[in-house]
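S.K.: Before we start, here is the structure in question, set down as structure tokens.
The values are calculated or read from the model by the stated rules, or taken from the named source; none is laboratory data. Not measured: the values here are computed from a predicted model. With ideal geometry, Cβ positions are generated from the backbone for all residues, glycine too; neighbour counts draw on all protein chains shown.
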Ligand SMILES: Nc1ncnc2c1ncn2[C@@H]1O[C@H](COP(=O)(O)OP(=O)(O)OP(=O)(O)O)[C@@H](O)[C@H]1O
Ligand SMILES: [Mg+2]
């Protein structure tokens, strides 16, 4: 499965020029760890950074104009960093699997006659045996025209073929159009990687609704298909294995003794939560927001075909503070075992207490109003203090991370 090593974002809202993890051009930086967490004052750009991933996925799924015009984004002019005039640009640095050479994916978006278009799109990878120099651009387009090399990267592109590419729609990415052509396995994988990204905006009330019958493979963004996903899990795993998953999940939610699924007369799957002290179960409609939220996260993490990238906004909302440390450990464990990327924003020191300084990035705005990102491990003395046994969240709470917040 694909794994994100780093990303550079330019001129996307407050992110004038921000790097997370390792970019292609800087080998001194560390890869993004499986679990990464963004902290920082209100308005520092945490949600924007998560949304940048959603934006890229929307560019691929639809086109750059549609991605800019989503209601919460408000169009290209609103999105581009105030006072700047260049294109909005992204450089993604990722690996298809642990043994493959990293691939960079760059796109730039600008306005042409009032419409957002793809100014450039480039995909690069070092050739087999190439140690130095710029990675080879096996896809290179400017304003919808360029070339792509089919096949896998070999020493001198033997066995691969150069094809001219002309896109008929300047708002579309080449990855959307040629990303599913069989001769381009690297593009197929990159496209599938981005298509697999998952950003959670879990709404307990949406998840509580009695679902229509039917199994669905993955949890959607609001979580309102939670019961359908559970139904899919039951079918995929069979009765016993599924009961084991529910048992494991129930063990991790305080106050819950067991979770069972029950079929309604019309074939829907109802979730019954057995709480301590009560004989009769509660159905999803009646359990608390926090219980349902915790359950949804655990279902997400137990997905038999995990998403390569999961972004979660403020998971602490509605959860008891003592649960947060455990939740952070669950995210870390699943991210490392499943070799996926989990990116979380949080305001909770309890959540951060479970993390290492290499897993936490502090975001703040500089004098110009641009967002800056600094890894906690790169802030002087933080590593030493954590090594001495100080939990990172407590250091943050007691102002050791030097965040500048006006009173
Ligand atoms: N085009 C733009 N150029 C510069 N800054 C922008 C632009 N659009 C929005 N912003 C700024 O970005 C900020 C929004 O940041 P964001 O919502 O990502 O913050 P956050 O860290 O998630 O905050 P919170 O903790 O409150 O959720 C706003 O303060 C807004 O002023
Ligand atoms: Mg936010």
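S.K.: Do the conditions hold for residue 393, that is, is it at pLDDT 95 or above, under 25 Å from the mean Cα position of the chain (by Cα) and away from ligand 1 (no atom under 14 Å from the Cβ)? Quick ask: steps written out before the conclusion?
M.R.: Working: at pLDDT 95 or above: yes; under 25 Å from the mean Cα position of the chain (by Cα): yes; away from ligand 1 (no atom under 14 Å from the Cβ): yes.
Answer is yes for this residue.
S.K.: Test residue 319 against the criterion of being in a loop (DSSP other than H, G, I, E, B) and within 19 Å of residue 390 (Cα to Cα), and give yes or no.
M.R.: Numbers: in a loop (DSSP other than H, G, I, E, B): yes; within 19 Å of residue 390 (Cα to Cα): no.
Here the answer is no, as residue 319 does not meet what is asked.
S.K.: Related question: Applying the selection to segment 29-78, what residues are touching a helix residue (DSSP H, G or I) at 6+ places or on another chain (Cβ under 6 Å), assigned to a helix (DSSP H, G or I) and either within 15 Å of ligand 1 (Cβ to nearest atom) or without any contact (Cβ under 8 Å) to a residue 60 or more places away in the chain (or both)?
M.R.: Matches in segment 29-78: 55, 58, 67, 68, 76.
S.K.: Something else now. Which of the numbered conditions does residue 335 fail, given that it passes all the others? Conditions: (1) modelled with pLDDT of 95 or more; (2) part of a helix (DSSP H, G or I); (3) over 23 Å from residue 255 (Cα atoms).
M.R.: (1)
S.K.: Can you pull out every residue in segment 188-201 that is touching a helix residue (DSSP H, G or I) at 6+ places or on another chain (Cβ under 6 Å) and over 15 Å from residue 307 (Cβ atoms)? Give the steps one after another, and end with the answer.
M.R.: Pass one, segment 188-201, residues touching a helix residue (DSSP H, G or I) at 6+ places or on another chain (Cβ under 6 Å): 191, 194, 197, 199.
Residues satisfying the conditions do not exist here.
Yes or no, residue by residue, for (1) more than 16 Å from ligand 1 (Cβ to nearest atom); (2) not in a strand (DSSP E or B):
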site	(1), (2)
236	yes, yes
262	yes, no
278	yes, yes
292	yes, yes
303	yes, yes
312	no, no
342	yes, no
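S.K.: Also, I was wondering about something else. Pairs please, first residue from segment 359-378 and within 21 Å of residue 34 (Cα to Cα), second anywhere and at pLDDT 95 or above and in a loop (DSSP other than H, G, I, E, B), Cβ atoms under 6 Å, 6+ apart in sequence or on different chains.
M.R.: Listed by first residue and then by second, the contacts come to 359/33; 362/40; 363/40; 363/44; 363/45.
S.K.: Here's a follow-up. Can you tell which of 324, 270 is farther than 15 Å from residue 249 by Cβ, in contact (Cβ under 8 Å) with a residue 24 or more places away in the chain, more than 27 Å from the chain's Cα centre (by Cα) and not in a loop (DSSP other than H, G, I, E, B)?
M.R.: Values: 324 fails: more than 27 Å from the chain's Cα centre (by Cα).
It is 270.
S.K.: Right, next: Of everything in segment 79-99, what is over 18 Å from residue 171 (Cα atoms), within 15 Å of ligand 1 (Cβ to nearest atom) and exposed (fewer than 15 other Cβ atoms within 10 Å of the Cβ)? Give them in sequence order.
M.R.: Of everything in segment 79-99, those that are over 18 Å from residue 171 (Cα atoms), within 15 Å of ligand 1 (Cβ to nearest atom) and exposed (fewer than 15 other Cβ atoms within 10 Å of the Cβ) turn out to be 82, 83, 84, 85.
S.K.: Another one. I'm told residue 135 meets every condition in (1) closer than 14 Å to residue 172 by Cα; (2) buried (at least 16 other Cβ atoms within 10 Å of the Cβ); (3) touching a strand residue (DSSP E or B) at 6+ places or on another chain (Cβ under 7 Å) except one. Can you identify the failing condition by its number?
M.R.: (1)
S.K.: A follow-up question, please. In segment 165-188, which residues are surrounded by fewer than 18 Cβ atoms within 10 Å (Cβ to Cβ) and within 19 Å of residue 136 (Cβ to Cβ)?
M.R.: Those that are surrounded by fewer than 18 Cβ atoms within 10 Å (Cβ to Cβ) and within 19 Å of residue 136 (Cβ to Cβ): 165, 183, 185, 188.
S.K.: Restricting attention to segment 24-59, and to residues there that are away from ligand 2 (no atom under 16 Å from the Cβ) and under 17 Å from residue 190 (Cβ atoms), which single residue is surrounded by the most Cβ atoms within 10 Å (Cβ to Cβ)? Outline the logic, then answer.
M.R.: Initially, segment 24-59 is screened for residues away from ligand 2 (no atom under 16 Å from the Cβ), giving 24-35, 56-59.
Still in the list and also under 17 Å from residue 190 (Cβ atoms): 24, 32, 56-59.
On the way: 24: 20, 32: 22, 56: 22, 57: 19, 58: 18, 59: 26.
Going through the qualifying residues, I end up with 59.
S.K.: Identify, by number, the condition in (1) away from ligand 1 (no atom under 16 Å from the Cβ); (2) surrounded by fewer than 17 Cβ atoms within 10 Å (Cβ to Cβ); (3) under 18 Å from residue 37 (Cβ atoms) that residue 332 doesn't meet.
M.R.: Result: residue 332 passes all but (2).
S.K.: Across segment 201-219, what is the number of residues that are within 20 Å of the chain's Cα centre (by Cα) and at pLDDT 85 or above? Step through it out loud before you land on a result.
M.R.: Here is the first cut: in segment 201-219, the ones within 20 Å of the chain's Cα centre (by Cα) are 201-203, 217-219.
Remaining after also requiring at pLDDT 85 or above: 217-219.
Residues meeting the conditions: 3.
S.K.: A follow-up question, please. Take residues that are under 25 Å from the mean Cα position of the chain (by Cα) and tell me which of the strands (runs of 3 or more DSSP E) falling wholly in segment 97-147 contain 2 or more.
M.R.: Working: elements: 103-112, 115-125, 136-142.
Hits in segment 97-147: 103-112, 115-125.
S.K.: Another question about this same structure. All but one of (1) at pLDDT 95 or above; (2) more than 16 Å from ligand 2 (Cβ to nearest atom); (3) closer than 25 Å to residue 16 by Cβ hold for residue 85; state the number of the condition that does not hold.
M.R.: Status for residue 85: all satisfied but (1).
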